[in-house]
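To start, the structure itself, in structure tokens.
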Amino acid sequence: MFELKVVTRFAAAHQLKMVGAKCENLHGHNWKIEVYVGGKELNKAGVLVDFGEIKKYVAEIMQQIDHKFLNELELFNDNIPPSSENIALYIARALQDKIDGSIGDSVKVTRVAAWESEDACATYIAD
Amino acid sequence: MFELKVVTRFAAAHQLKMVGAKCENLHGHNWKIEVYVGGKELNKAGVLVDFGEIKKYVAEIMQQIDHKFLNELELFNDNIPPSSENIALYIARALQDKIDGSIGDSVKVTRVAAWESEDACATYIAD
Amino acid sequence: MFELKVVTRFAAAHQLKMVGAKCENLHGHNWKIEVYVGGKELNKAGVLVDFGEIKKYVAEIMQQIDHKFLNELELFNDNIPPSSENIALYIARALQDKIDGSIGDSVKVTRVAAWESEDACATYIAD
């Protein structure tokens with residue numbers, strides 16, 4: 001199979017209710033996001049899908065979360081705290097929705113990695 | 001299992017027939033290539049295979065495509081355009097051939113990633 | 001599933017008995033280590049496990065090998081030479097032991113990557 005990876009970034013604030021950990025304080029990160037989409041067949045141009053199309057969708061998703069206080073967004077709540085894990089999950093689902101509505105079944109989001117620092121990354125891996 | 005990754009780079013020109021996309025123009029990239037080989041057993045030296053051997057084969061393959069206009073090479077044609085996807089696939093097959101002829105069945109190319117920019121990467125993943 | 005990746009580094013000397021290769025000479029590297037742990041469920045804080053906890057365990061393991069001559073450690077011997085492959089395997093097992101004794105069954109070490117240079121990485125991938 002083939003897999004495309006697109007890298008982007010966003011900056012935001014968040015706060016997690018983790019007993020005794022410093023993540024409880026309101027803080028923020030420059031997240032680096034790595035989005036992976038996969039499929040079996042290349043099109044006539046020899047590509048899985050135009051990188052530009054994936055980048056466009058990813059940019060639209062980034063607009064929803066960039067320079068925001070994530071805890072205040074409707075996307076997250078006490079049951080879905082804005083951890084890097086849940087940020088990755090949200091991006092994966094939002095991107096899959098956009099792909100389903102345009103490219104179709106041939107391309108699936110396989111994983112989304114959210115680096116909250118240069119040494120710490122949380123990845124959602126689709127089934 | 002164990003997997004070795006070797007990173008290399010090459011620069012070349014290419015042109016893709018993608019309706020309405022800027023990739024139709026003759027252009028080029030500094031590709032970063034990540035080659036992965038995997039296997040189950042380590043040898044007596046405690047390694048899957050000497051990195052130097054994989055690097056030598058990868059360097060031979062790079063010589064075929066570095067500083068070339070990829071569309072003019074016999075490796076590619078209208079049915080196999082020199083997209084990053086097909087570049088990754090070509091490198092994977094060429095490296096597997098070299099491994100089959102020297103190291104043998106114990107080491108398989110598992111994937112080849114072709115970064116055409118710092119934010120866009122196409123990977124061929126072997127079955 | 002979700003996967004966390006933590007990146008760290010250590011510097012050490014080693015020597016490998018590889019016929020005719022330069023790795024036979026006593027030498028050293030600044031290794032970059034990427035540790036991956038995976039699991040299916042997020043906890044109430046919305047995370048797989050606190051990054052801080054994994055970082056603490058990884059730091060403890062690094063203390064055992066950082067600024068050492070690896071061939072002289074009890075961890076390695078003629079049957080388990082201190083190759084990047086065996087370093088990755090050792091870190092994976094040591095980290096899994098620490099996780100088993102604290103976090104429990106829900107989190108598994110999925111892989112450990114040991115970069116011995118910017119262009120060469122050996123990864124142990126757990127079954």
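The values are calculated or read from the model by the stated rules, or taken from the named source; none is laboratory data. These figures come from a predicted structure and were not determined experimentally. When we count neighbours, we look across all protein chains shown, and the Cβ atoms used for this are built from the backbone with ideal geometry, even at glycine. Surface areas here come from the heavy atoms of the whole protein model, side chains and all, with no ligands, DNA or RNA. Shrake-Rupley method; radii C 1.70, N 1.55, O 1.52, S 1.80 Å.
Pairing each residue of segment B:70-99 that is surrounded by 19 or more Cβ atoms within 10 Å (Cβ to Cβ) with any residue that is charged (D, E, K, R), provided the two are 6+ apart or on different chains, yields C-beta distances under 7 Å for B:Pro81/B:Lys17; B:Ser84/B:Glu116. Residues that are of a type outside the set (S, T, N, Q) and without any contact (Cβ under 8 Å) to a residue 60 or more places away in the chain were ranked within segment B:100-120; the one that is least open to solvent (accessible area, probe 1.4 Å) is B:Ala120. Considering each residue of segment B:18-29 in turn, at least one proves to be touching a strand residue (DSSP E or B) at 6+ places or on another chain (Cβ under 8 Å) and buried (at least 17 other Cβ atoms within 10 Å of the Cβ). If the condition is being within 16 Å of B:Ala21 (Cα to Cα) and open to solvent by 10 Å² or more (accessible area, probe 1.4 Å), then segment A:52-62 contributes A:Gly52, A:Glu53, A:Lys55, A:Lys56, A:Tyr57. Report yes if some residue within segment C:58-75 is within 14 Å of chain A (Cβ to nearest Cβ) and touching a helix residue (DSSP H, G or I) at 6+ places or on another chain (Cβ under 8 Å); otherwise report no. Yes, segment C:58-75 contains a residue that is within 14 Å of chain A (Cβ to nearest Cβ) and touching a helix residue (DSSP H, G or I) at 6+ places or on another chain (Cβ under 8 Å). Exactly one residue out of B:Ile87, B:Ile103 is more than 30 Å from C:Leu70 (Cα to Cα) and of a type in the set (Val, Ile, Thr): that is B:Ile87. Can you confirm whether segment A:9-24 contains a residue that is on the phi > 0 side of the Ramachandran plot and more than 10 Å from every other protein chain (Cβ to nearest Cβ)? The answer is no, given that none of the residues of segment A:9-24 is on the phi > 0 side of the Ramachandran plot and more than 10 Å from every other protein chain (Cβ to nearest Cβ). Does B:Val6 satisfy the criteria of being open to solvent by less than 20 Å² (accessible area, probe 1.4 Å), within 25 Å of A:Leu4 (Cβ to Cβ), away from chain A (no Cβ under 14 Å) and within 11 Å of the chain's Cα centre (by Cα)? In short, yes. If the condition is being surrounded by 13 or more Cβ atoms within 10 Å (Cβ to Cβ) and either more than 9 Å from chain C (Cβ to nearest Cβ) or more than 21 Å from B:Arg111 (Cβ to Cβ) (or both), then segment B:35-51 contributes B:Val35, B:Val37, B:Gly39, B:Asn43, B:Ala45, B:Gly46, B:Val49.
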